[in-house]
Each structure stands twice: as C-alpha cells, then as structure tokens.
Amino acid sequence: VTAFTDNLVQAEAKYGAGKVLEVVGEASRVSRDDEGAFIGIRSGPLGKGKVQAYFPDANAEAFGAVQEGQQVTVLATLRTGKSTEKRITLTSACLVTP
C-alpha cells in the first residue's frame with residue numbers, strides 16, 4: 001500500500017505482470033459493484049490503504065463467510081491500470097485464511 005501511495009506507476013510495474021500477491025489486512029466489507037464481487041481490505045488506518053480484491057463466482061461461498069473487522073489473507077493478482085492512490089484493485093482473489 002505504501003508503494004502505491006508513494007508512486008503508483010512504479011508500484012504497478014513492480015507488483016503487476018501477473019504476479020500473485022499475498023495481502024493481509026482487516027476485512028471492511030464483502031460487496032459487489034459494476035466490476036463484480038469483491039472483498040474490501042483495510043491495510044492501514046480507516047480510509048487509507050484500501051484494497052479491493054475481486055473474486056470469481058466460484059469463490060463466493062468462502063468470501064461470503066467473511067465478517068467486517070476480521071483479519072484475512074488473500075492471494076490475488078494486480079489489475080493494472082485500475083488502481084489509484086486510495087484504492088488498489090486486485091483480481092482472481094482466493095481466500096487463504098478467514
């Protein structure tokens with residue numbers, strides 16, 4: 001998250017290119033938007049370092065059990081070109097530990 005805040009372009013180059021990332025943080029919500037179903041993960045103070053990990057429908061059951069405030073670990077890939085300084089967008093998420 002710090003890398004994206006410091007230099008978004010450099011962070012996407014470093015963490016993109018199909019690499020699988022392990023993200024650990026506090027679940028803020030499980031929801032759906034125009035791009036699909038996702039889990040919001042806070043990795044910093046409220047409102048900072050928000051990660052949105054989009055998961056395939058096949059993983060919906062596992063993510064459906066996640067509660068707000070719960071510590072989670074997710075494996076996912078960076079969706080380059082979609083992240084901002086306040087939101088990092090991941091795709092193909094797999095829940096490792098609820």
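Things worth noting here:
- Computed from point charges on the beta carbon alone (+1 for Lys and Arg, -1 for Asp and Glu), the dipole magnitude for the chain about its Cα centre is near 240 Debye.
- Length, then width, then depth: along the principal axes, the Cα atoms of region 3-45 run 29, 25, 17 Å.
- Kirkwood Rh (inverse of mean 1/r, distinct Cα pairs), the chain, angstrom: 13.2
- With K and R counted +1 and D and E -1, the other residues having a Cβ less than 14 Å from that of Pro56 yield a net charge of -1.
- ³J(HN,Hα) computed for each position of region 80-93 - Karplus, 6.51 cos²θ - 1.76 cosθ + 1.60, integer Hz, glycine/proline x: 5, x, 10, 7, 10, 5, 10, 9, 9, 9, 10, 9, 6, 6
- Value at 222 nm in deg cm²/dmol, rounded to 500, when DSSP H runs of n ≥ 4 in the chain each add -39,500 (n - 2.57): -4000 deg cm²/dmol
- Our coupling estimate for region 20-25, obtained by passing each phi through the Karplus curve with A = 6.51, B = -1.76, C = 1.60 and θ = phi - 60°, is 8, 9, 9, 10, 10, x Hz, Gly and Pro reported as x.
Since every read-out is calculated from the coordinates, none of them should be taken as a lab result. Note that the structure is a prediction, hence the values are computed from the model and not measured. Here Cβ is always computed from backbone atoms with ideal geometry, including for glycine, and neighbour counts include all displayed protein chains.
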